[in-house]
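Beneath this line is the structure, given in C-alpha cells, with notes to follow.
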Amino acid sequence: MKHLMSPLDFSVEELENLFKLADDIEKNPAKYASACNGKILATCFYEPSTRTRLSFESAMLRLGGQVLGFSDASNSSAAKGESVSDTIRTVSCYADICAMRHPKEGAPMVAAEKSGIPVINAGDGGHQHPTQTLTDLLTIRSLKGHLDNLTIGLCGDLKFGRTVHSLINALVRYPNVRFVFISPEELKVPDYITDMLKEKNIPYEEVIRLENVMPTLDILYMTRVQRERFFNEEDYVRLKDFYILNTEKLALASSDMLVLHPLPRVNEISVEVDSDPRAAYFKQAQYGVYVRMALILTLLNITVA
Amino acid sequence: MLNVGKIEEGFVLDHIKAGESMDIYEHLQLGKLDCTVAIIKNARSNKMGKKDILKVECDINQLDLDVLAFLDHNITVNVIKDGEIVHKKALVLPKMIKNVIRCKNPRCITSIEQELPHIFLLADEEKEVYRCKYCEEKGSKNL
C-alpha cells in the first residue's frame with residue numbers, strides 16, 4: 001500500500017505518470033466522473049484549511065466518490081486526547097483513503113505506519129505539503145512545458161513555509177534547476193534544505209531584495225507570511241509586508257516568467273497583478289483539483305479504460 | 001591501584017570519557033542483562049589522563065554495540081574470548097537509532113503522541129548527521 005508523505009515518495013517516472021493522468025482528466029473529465037463510485041475519502045484536518053480540504057473534497061466528488069471527515073481538531077476525538085495512531089485505526093474502518101492535515105510535523109507519517117488505508121499528507125506543521133507541490137509541479141509543467149532548466153525564485157516566508165520546502169525537495173530531481181531564495185533574515189530557508197542543496201551541488205543564492213533578481217527568474221513563487229507561525233504579534237506585523245509584488249516590480253521580469261502562489265493571498269501580491277498574463281495562481285488552484293484526482297486514483301489503484 | 005580481574009567472554013569498552021560510563025551503561029541497557037558488569041571510573045590513562053572502562057561478561061552476540069559509534073566513536077571495543085582479546089571491533093554508525101536521543105522540535109509529533117519512539121535516521125554518514133524520522137530535525141548528541 002502506497003502513501004504520500006513527501007514529494008520524494010514518488011519517483012520522477014511515477015510523477016510523470018501522475019501528471020499524464022492529470023492531463024487526461026483535464027481534457028476528458030466525463031471519462032472519470034464515476035471512477036470512484038462507492039469509495040470514501042476521509043478528510044482528517046486537525047488545523048483549519050479551506051483550500052486544501054475543499055480541493056480534496058472536490059477531487060473525490062468529481063470522481064464520483066463520497067467524502068467524510070472533520071475540519072478542526074476541536075470537532076474530533078483529538079480534543080478528548082486521542083492519539084493520531086488510534087484515530088487512523090478507526091478511520092481506516094470508515095473510509096478507503098485518508099487526507100490528513102496536522103499542526104505537528106510527522107503526524108501523517110505516524111498515521112501511515114498504523115493505517116489500513118492509503119494516507120495522504122495534506123500538510124504537517126511547517127514541514128511538508130506534498131499535494132501542494134504536486135499542484136505546483138503540474139502547473140509549471142502544463143504552462144512552461146518542462147520541469148528542467150529553470151531558475152526558480154521563492155519569496156517570503158521560507159522558514160515556516162512548508163509549500164516551499166516540499167517544492168524544493170521535488171525540483172532538485174530535475175536537471176539544471178537553480179534556486180533564488182528571497183526572504184528577510186528572520187525567515188530564511190532552514191539549514192536542512194541548504195545542506196541538501198550543497199550536497200547535491202545544486203546552485204542557489206539567498207538575497208534580501210526581490211527587485212535585484214527579478215530579471216533572472218523563470219518562476220516567481222510567492223508565499224504568505226502566516227500569522228499562526230509566529231510566537232508574537234509584533235514580529236508578524238513587522239514582517240508581513242516585507243515583500244509585496246506589484247506591477248512595478250513585475251515590469252522587471254521577463255515576459256514569460258510565471259507568478260505562482262499557494263493561496264490564500266493576503267497582500268503580498270497586489271490585486272493589479274491579477275490581470276497580468278504571467279499571474280498563474282488561480283490556474284494553479286484548478287490544477288490542484290486535477291492532480292488530487294490523479295493522486296486518489298493512483299493510490300487506490302483504479303484505472304479508467 | 002584497584003584491580004579488576006579478567007573476563008572469559010564478552011567486551012571491554014575502553015577509552016570512555018571519564019564520567020560517561022554510566023551513560024553508556026544505560027544506553028546499552030546493561031541493567032537488563034543477567035551478566036557480570038564492572039564499571040571502572042576515573043582510571044589512569046596515558047592518552048586521556050583519566051578514563052572510564054566497562055567490562056561486560058556476556059555472549060559476544062548478545063550485545064548490539066552500534067549505538068556506541070553514535071555516542072562516541074573514540075571508544076575502543078575489545079572482544080574477549082577465552083580470556084584473551086580476539087579482536088578490536090570497528091564501530092559503524094547505525095542507520096537508525098531508537099530512543100537514544102529525543103527530538104527537541106516542539107512542533108514534532110513525538111512531543112505529543114503517546115508512546116511514540118524517538119527514531120533518528122542517519123542522513124549524512126560523513127558529517128554524522130542524524131535527523132528525526134518524523135520532522136527531519138537534526139539530532140543532537142547532548143543527551
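One table, with the values for the structure above:
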item	result
Pair list, Cβ < 6 Å and 6+ apart or interchain, from the stretch A:118-138 residues that are more than 14 Å from every other protein chain (Cβ to nearest Cβ) to residues that are among the aromatic types (F, W, Y)	A:T135/A:Y287; A:L138/A:F19; A:L138/A:Y287
Inter-residue pairs, beta-carbon under 7 Å, first at positive phi and in the stretch A:294-305, second of a type in the set (G, A, S), 6+ apart	none
Every residue from the stretch A:72-116 that is away from every other protein chain (no Cβ under 14 Å), within 30 Å of B:K138 (Cβ to Cβ) and in contact with a Leu (Cβ under 7 Å, 6 or more places away or on another chain)	A:A99
Scope the stretch A:265-293; condition over 18 Å from A:T133 (Cα atoms), in contact (Cβ under 8 Å) with a residue 12 or more places away in the chain and among the hydroxyl-bearing types (S, T, Y); matching residues	A:S270
Contacts under 8 angstrom Cβ, first residue in the stretch B:99-114 being over 15 Å from A:G81 (Cβ atoms) and in contact (Cβ under 8 Å) with a residue 12 or more places away in the chain, partner exposed (fewer than 15 other Cβ atoms within 10 Å of the Cβ) and of a type in the set (G, A, S), 6 or more apart	B:I101/B:S140; B:K104/B:S140
Given (1) crowded, with 20+ Cβ neighbours inside 10 Å; (2) within 14 Å of chain B (Cβ to nearest Cβ); (3) without any contact (Cβ under 8 Å) to a residue 24 or more places away in the chain, number of the condition A:E57 does not satisfy	(2)
Out of B:E126, B:E115, sole residue that is exposed (fewer than 12 other Cβ atoms within 10 Å of the Cβ), more than 21 Å from B:L71 (Cβ to Cβ) and more than 7 Å from chain A (Cβ to nearest Cβ)	B:E115
Options A:D157, A:D124; residue that is in the same structural domain as A:H102 (by TED's automatic domain parsing) and modelled with pLDDT under 95	A:D124
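The values are calculated or read from the model by the stated rules, or taken from the named source; none is laboratory data. Computed from a prediction, not measured in an experiment: that's the story for all the values here. Every residue, glycine among them, receives a Cβ derived from its backbone with ideal geometry; neighbour counts consider all protein chains shown.
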